[in-house]
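Comments concern the structure below.
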Amino acid sequence: MKNIIVTGGAGFIGSHLCEKLLNEGNHVICLDNFFTGSRKNIEHLLDNREFELVRHDIVEPILIEADEIYNLACPASPVHYQYNAIKTIKTNVLGVTNMLGLAKRAKAKILQASTSEVYGDPIVHPQREDYWGNVNCIGIRSCYDEGKRVAETLMMDYHRQHNVDIKIIRIFNTYGPRMAENDGRVVTNFIVQDLKGEDITIYGDGSQTRSFCYVDDLVRGMTALMNKDGFTGPVNVGNDGEYTIKELAEMIIELTNSNSKIVYKPLPSDDPCKRRPDLTLARKELNYEPTVHVRDGLMKTIEYFRTTL
Ligand code: NAD
Ligand code: UDP
């Protein structure tokens, strides 16, 4: 049995990861400050003797023992990470440093949840791991994008300088049950608007593209990376089907059979025009393959919101 810390474990992806790690027979310690996560996401795990929940902000140091650390603590939706931009940077610099210090002292493996946002508004398409990206360092998204870039730098420097066993996963847009209703990201906004009979808000003309990964596929990629000896990444994990935001809106309207209308709102600044992962490295090193088609994953997410709204 391994002792595994999941920071951000009460969040959307973190709660699915805690569940998987417990099912595989591990002891899981979830650290979360409940900024965007909620107790509801992990309520079903609280009776499990192998699950510990600690209210903790990773910007503060913590003394605790572990074999592995999955560092997911950080708001992921643009609305939430821009709400307190300075806190977002601190989480990615001070928080990541604290977790790396813990990994170094406890001799634990550590996996950092990085993001496709390190590629910014990409000029290379699809995005491969050796592309250095196109990020505006003074824009409204930079607290997150640059924060995650520094987090990757810190990971590599602790690896080179202190030999810490590190793993970097670059997560592309992931969706599924337990996303917060007020999350502000596109999949939740569209499904919630649609189920409430409200207009669906496309920012810009809807020609920007994203690639949507169902959470079960992502979490499988995460544990595969943690368990792959001698490989640090960074490695892209996601789904390589690419859709315009307008296509996504139309798909959700079709799947729910609703009468919602599409309305157009201004595009926020620095919103990437296109995004799709090149998954060659994940396929080769992790034997990773996304298995859930976007229509099936959306249906499961729609069912979830039908029961929770
Ligand atoms: P989420 O907002 O649901 O989860 C983030 C969790 O971290 C929440 O439970 C929140 O309360 C917690 N948290 C935030 N700041 C903290 C702090 N300082 N100390 C302790 N806990 C803190 O988002 P998510 O979609 O589950 O994302 C999880 C991770 O994956 C994030 O690091 C995010 O950057 C990364 N990621 C997600 C996506 C995606 O599409 N979902 C894409 C790329 C990267
Ligand atoms: N978007 C939209 N309507 C919404 C929310 C988002 O058109 O109600 C767009 C957003 O401008 C972006 C894309 O959908 O182009 C994905 O946004 P999201 O916030 O989910 O994630 P991002 O990939 O931009 O971080």
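The values are calculated or read from the model by the stated rules, or taken from the named source; none is laboratory data. Quantities reported herein were computed from a predicted structural model and do not represent experimental measurements. Note that each Cβ is placed from the backbone with ideal geometry, even for glycine, and that neighbours are counted across all protein chains shown. Just the protein is used for accessible areas: all its heavy atoms, side chains included, with ligands, DNA and RNA removed. Shrake-Rupley method; radii C 1.70, N 1.55, O 1.52, S 1.80 Å.
Charge dipole of the chain (Cα centre as origin; +1 on each Lys and Arg Cβ, -1 on each Asp and Glu Cβ, all else neutral): 360 debye, rounded to the nearest 20.
Entry comment: accessible area of the chain is 44 Å² per residue, from protein heavy atoms only and a probe of 1.4 Å. Here is the list for region 177-277: chymotrypsin sites (Phe, Trp or Tyr not before Pro) lying in DSSP coil, each with at most 14 other C-beta atoms within 10 angstrom of its C-beta, are PHE231. Each of LEU72, SER116, VAL135 was placed along the dipole of region 60-140 (beta-carbon charges, centred on the mean Cα), and the one lying farthest toward the positive end is LEU72. Between helix 12-23 and the chain there is an angle of about 50 degrees, using the helix long axis and the longest principal axis of the Cα atoms. Taking the C-alpha atoms only, the angle from helix 294-308 to the longest principal axis of the chain is near 90 degrees. Measuring nothing but how far apart in sequence close Cα pairs (under 8 Å, 6+ apart) lie, relative to its length, region 37-133 scores a relative contact order of 29 percent.
Placing unit charges on each Cβ (+1 for Lys and Arg, -1 for Asp and Glu) gives region 219-309 a dipole about its Cα centre, and among THR256, GLY221, LEU281 the Cα reaching farthest toward its positive end belongs to THR256. Where the alpha-carbon atoms of region 20-128 are placed on the principal axes, they occupy 48, 32, 29 Å, in descending order.
Ligands, DNA and RNA left out, the accessible area of the chain computed with a 1.4 Å probe is 50% carbon and sulfur.
The convex hull drawn around the Cα atoms of the chain, when projected onto a plane and averaged over every direction, covers 14.6 nm².
Using only Cα atoms, find the angle between the long axis of helix 245-256 and the longest principal axis of the chain, and express it within 0 to 90 degrees, rounded to the nearest 10. Taking the Cα atoms of the chain, the angle to 245-256 is about 80 degrees.
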